[in-house]
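Report on one structure; see the data block that follows.
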Amino acid sequence: METIMQRTLPLIAAQARPRLIGEPVSAFADEVKAALAVQPHSKLIVFPELHLFADTEPDQQRTEMLQASAEPLDGPRVKELKQLAKDLNIWLVPGSVCERGPEGQLFNTQLVLSPEGELAGYYRKVFPWRPFEPYDPGDRFTTVDLAGIGRVGLNICYDAWFPEVSRQLAWMGAEVILNVVKTTTPDRRQELVLAKANAIVNQVFVVSVNCAGPSGKGQSIIVDPEGNTLAEAPDDAPVLLTAELDLAAVERVRTHGTENLNRPWSQFRDGEDAVELPVYQGRISPATWAPQTFNA
């Protein structure tokens, strides 16, 4: 009988109030340290979308303030965040940042910082929430390998409404989708459905962490590859959700099926014709349908 590698990812999803633009990173460092004290063996801590970019209390997300705060990824803010991850020896997702692009664009960019103090990966939000957000769209999807643990896919708020995003990340080998969120509107109710649906149809973990009130609607959630809730926030109060994700569950569910039944990644048989997808000018090909795998 084949042995499936056991890999565990202890993490913290911090449903927290946004921090004001211009606050020193040292203040955020204290927040991260306090979170780590709750589950000291955590390997990953994830904060909500634009956690460091509130302009008022409650946050108005004014375009001029966001534009003024944007820095390139080699700017001082990211350098300090890299050092923080190194000092604490953790994988850190400080939410997303306002990035000044190489041609002056304003990107909403999710960061993954490594325990070695490196920018391990970044993702520019492909689907800004239009017409309400001022950001330029990114043009590619991103996964990041957490060395010796597994592969995570990056995902920001409204991206979750487009099933193509989660499907692409799963196909790229993501075992966990990190959906950082800043939802201040009543549609958080629908987002909870989407978190479960994206987990179920792609057989991946989904971590959807929203900001706390009074700005955000909270209700952060961590979902397993069969759509079961592992942890959730009942309301918008600040809270730290903790979980230990058994990443081998992804392979188990895909091998044996959701509820030991459904195996969508094994749908096609060798030699079957491709299914044309005219809306994408592409196709689903049985030869390339299987997701990539993480090699520790």
When you scan the stretch 272-284, do you find a residue that is open to solvent by less than 80 Å² (accessible area, probe 1.4 Å), farther than 26 Å from residue 150 by Cβ and under 24 Å from the mean Cα position of the chain (by Cα), even just one? no
Scan the stretch 161-188 for residues that are closer than 22 Å to residue 213 by Cα, buried (at least 23 other Cβ atoms within 10 Å of the Cβ) and out of contact with any Pro (no Cβ under 8 Å at 6 or more places or on another chain) and jot them down. 178, 179, 183
Are there any pairs, at least 6 apart or on different chains, whose C-beta atoms fall under 8 Å, with the first in the stretch 127-138 and part of a loop (DSSP other than H, G, I, E, B) and the second β-branched (Val, Ile, Thr), and if so, which? 127/165; 134/63; 137/126; 138/109; 138/126
Out of 81, 73, I need the residue that is farther than 19 Å from residue 125 by Cα and open to solvent by less than 50 Å² (accessible area, probe 1.4 Å). Which one? 81
Single residue of 23, 64 found to be more than 18 Å from residue 132 (Cα to Cα) and surrounded by fewer than 20 Cβ atoms within 10 Å (Cβ to Cβ): 23
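A quick yes/no check of all residues on (1) farther than 20 Å from residue 221 by Cβ; (2) aromatic (Phe, Trp, Tyr); (3) in contact with a strand residue (DSSP E or B) (Cβ under 6 Å, 6 or more places away or on another chain):
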{"position": "110", "(1), (2), (3)": "no, no, yes"}
{"position": "128", "(1), (2), (3)": "yes, no, no"}
{"position": "142", "(1), (2), (3)": "yes, no, yes"}
{"position": "155", "(1), (2), (3)": "no, no, yes"}
{"position": "159", "(1), (2), (3)": "no, no, no"}
{"position": "164", "(1), (2), (3)": "yes, no, no"}
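Kindly indicate the residue of the stretch 27-39 that is touching a helix residue (DSSP H, G or I) at 6+ places or on another chain (Cβ under 8 Å) and over 17 Å from residue 241 (Cβ atoms) and also most open to solvent (accessible area, probe 1.4 Å) among those meeting that condition.
33
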Restricting to the stretch 240-269, give me the number of residues that are within 18 Å of the chain's Cα centre (by Cα) and either among the polar types (S, T, N, Q) or open to solvent by 20 Å² or more (accessible area, probe 1.4 Å) (or both). 4
Does the stretch 114-135 hold any residues that are of a type in the set (Asp, Glu) and surrounded by fewer than 17 Cβ atoms within 10 Å (Cβ to Cβ), and which are they? 116, 118
Which condition does residue 153 not pass, out of (1) at positive phi; (2) open to solvent by less than 10 Å² (accessible area, probe 1.4 Å), if it passes all the others? (1)
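The values are calculated or read from the model by the stated rules, or taken from the named source; none is laboratory data. Just so it is clear, the model here is predicted, and its values are computed rather than measured. Note: ideal-geometry Cβ built from the backbone for every residue, glycine included; neighbour counts use all protein chains shown. With ligands, DNA and RNA removed, areas are computed over all heavy atoms of the protein, side chains included. Shrake-Rupley method; radii C 1.70, N 1.55, O 1.52, S 1.80 Å.
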